[in-house]
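Below is one structure, written out as structure tokens; comments come after it.
The values are calculated or read from the model by the stated rules, or taken from the named source; none is laboratory data. Every value quoted in this text rests on a predicted model; they were computed, and no experiment measured them. FYI the Cβ positions are ideal-geometry reconstructions off the backbone, even for glycines, and counts take in every protein chain you see. To get the accessible areas, we keep the full protein, side chains included, count just its heavy atoms, and leave off ligands, DNA and RNA. Shrake-Rupley method; radii C 1.70, N 1.55, O 1.52, S 1.80 Å.
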Amino acid sequence: AGVFGTFSGLTMFVITYMSMYRGLDNPGQYLNLLGVFLPGYSVSHAGAWIGMFWGTCIGALLAAMFYRIYARSIPSQVAAYLDHGNRGDDLLDVTLRFDGNYLGLALGTIVSLGLFVSTSWLVLRGTAEESFHAELLGQFLPGYSVTYVGGIIGALEMFVIIYLLSLLFSWIYNFVTRARGRNPL
């Protein structure tokens, strides 16, 4: 969480300054939209520091959530590996496989909560009517709108989509790992 939070915060800091010094007529035209979700953020010197703060907090929170949900599958994978008669020393030459269920739960939860929280934030701030970019999600998620109920519907749809994509990704990754003849865990 610390590493990902630091990376996210520094990324926000750097892209803010890059946007300010690109030499465009309207610097940060799209990056300023983050100010809707991150209180105090704008493409400015002070905004770079505020963006770094928010990037660090959000990055650390997302990484902690992912670790908390997904890491639960790792001990069971190691235990199953050792139960098959393998030694602990063999773990140095092991390719860790993905557990699609846990990966789907972790990523699906993070993305769907992100959608619900950001939609609810727009409604709470009273900017739902002006949120044309968020409204575009309704083109891809039937039933989604920038309302509390629409946020719940969109979050559920995103969870299902991300969960299924995680299952597919894990299956392909694990298949390739087995096909390469590596020692899968």
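Summed over the residues of segment 95-185 and divided among them, the accessible surface reaches 60 Å² per residue at a probe radius of 1.4 Å.
Using R0 = 41 Å, the C-beta based FRET efficiency linking Ser76 and His45 works out to 0.25. Taking the protein heavy atoms of segment 102-185 in the context of the full set of protein chains, the accessible area attributed to carbon and sulfur is 73 percent at 1.4 Å.
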